[in-house]
Amino acid sequence: MPGMLRPSFLNLHCRIFSLIMLAALGCTMTLKPSVVSGASPSGRSSGTRSGARIFSIQLTTNLHATPTVPIMRRGRSREQRHTRSFQNTLQAQKTSGGPEKKDLDILIAASKAERLAHLESQAMQALKYTVENYEHPVFTCALIAGDMVILELLHRMDYLSTGKVQVMFVDTFYLFGETIEFMRETEERYDFKANWFHAKEFNNKAELEAAHGVDFWKEDLKLYDSICKVEPYWRGLETLQADAVINGRRRDHGFDRAFLDLYEHESGADKINPLAYFTFEDVWDYIKAENVAYHPLHDKGYPSIGDAKDTVPVPKSRWFEYAGERLGRFNGLTNDDGSTKTECGIHFPQTEEENEDVEKVGSSDEKKGGGLTIEVM
């Protein structure tokens, strides 16, 4: 009849009103949209237009919860719906006195746990994909915090002791003594043998410095990188016939790595970055939650560990800033263009297109120390 609600709509309004009253007593409701085909399970017409969106209401009773009424009307944008829901929640908290701090702490802890579970699953999927789709995956390990998370996952997935993933370790001859000792301990802990590589034609630092000078790493930074890092790295990958390189790079390491994805296709060997979407805080939350062993120098103020000659401690208050993990690396070192050194020369653009993009950024007047750099072998 014109001007009157049909019984189905009237019934729906009554139900919604009842649910609102229940919500005021401590129940929580959520509306879930779904799409119907126009027929009911019995085969009869549902009376709803094919492909139309309908809403089902789920009711959860919690007499101790802060009363909220997150019913969303159709026709509003997502931003408007979230704003309205947030305003309703704030109003309800004002009425009830608001949640206690301990309740918020519980929510924060639960949110972090959920995030870590997702990141862990994502990383393990990347590792599983790598093992199943490449013949010779290699993990280039430097024993920094993120690397220890990857080692823990590889061990848990039984990829280390079985040799399904080879571990490669580059000894620059300038590493901390604690790093060498910790690698030995890690090999024993996870039951694997790392593949060690160092400068070609030299057996130790004394031989290297006899040939190039004690301070050659200061006088010719590119030569040092080439001899002690870049050449052993690529020789190691070639020796191990690597067709996939697993590494611990992350987006929050700094601008150089800000757009990393889990997988990078490159000539020679693809790069797998299982921790790409972790933050440094996530890494340490995971280490603590899973009781993962970590480098002893972290307890002495080093957020990241590289060569002893140019790695310094950093105040803990700065560790979790953007790019904070690498603040203590390459201390006092600069590139030829005057920018702060942030890479050792191993991770640099591979294609002409990538090099062109880097050169455009590198030539910007706004570029400051710590920006993108190019290492030439």
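A few notes on this one:
- Selection status of Asp299, loosely packed, with under 15 Cβ neighbours inside 10 Å and at pLDDT 50 or above: yes
- Evaluation of Lys341 against (1) of a type outside the set (Val, Ile, Thr); (2) modelled with pLDDT under 90; (3) over 20 Å from Lys222 (Cα atoms) (one fails), failing number: (3)
- Count of region 149-208 residues which are in contact with a Pro (Cβ under 8 Å, 6 or more places away or on another chain) and of a type in the set (Phe, Trp, Tyr): 2
- Scanning region 149-180 for residues that are outside any helix (DSSP H, G or I), more than 14 Å from Phe192 (Cα to Cα) and not aliphatic (A, V, I, L, M) returns Asp171, Thr172, Phe173, Tyr174, Phe176.
- Of all residues in region 178-203, those satisfying the criterion of being open to solvent by less than 60 Å² (accessible area, probe 1.4 Å) and not aromatic (Phe, Trp, Tyr) are Thr179, Ile180, Met183, Thr186, Glu187, Ala194, Asn195, Ala199.
- Residue list for region 102-139, filter: open to solvent by 60 Å² or more (accessible area, probe 1.4 Å) and touching a Leu at 6+ places or on another chain (Cβ under 7 Å): His136
- Residues that are among the hydrophobic types (A, V, I, L, M, F, W, C) and open to solvent by 20 Å² or more (accessible area, probe 1.4 Å) were ranked within region 220-257; the one that is modelled with the highest pLDDT is Leu240.
- Test: residue in region 154-162 that is closer than 26 Å to Asp282 by Cα, without any contact (Cβ under 8 Å) to a residue 40 or more places away in the chain and among the β-branched types (Val, Ile, Thr): no
- Among the conditions (1) without any contact (Cβ under 8 Å) to a residue 60 or more places away in the chain; (2) over 25 Å from Asp282 (Cβ atoms), the only one that Thr172 does not satisfy is (1).
The values are calculated or read from the model by the stated rules, or taken from the named source; none is laboratory data. Just so we're clear, the structure is a prediction, and the values are computed from it rather than from any experiment. Methodologically, a virtual Cβ is constructed for each residue, glycine included, from the backbone with ideal geometry; neighbour enumeration extends over all protein chains shown. Each accessible area value is taken on the protein alone, full model and side chains, heavy atoms only, with ligands, DNA and RNA left out. Shrake-Rupley method; radii C 1.70, N 1.55, O 1.52, S 1.80 Å.
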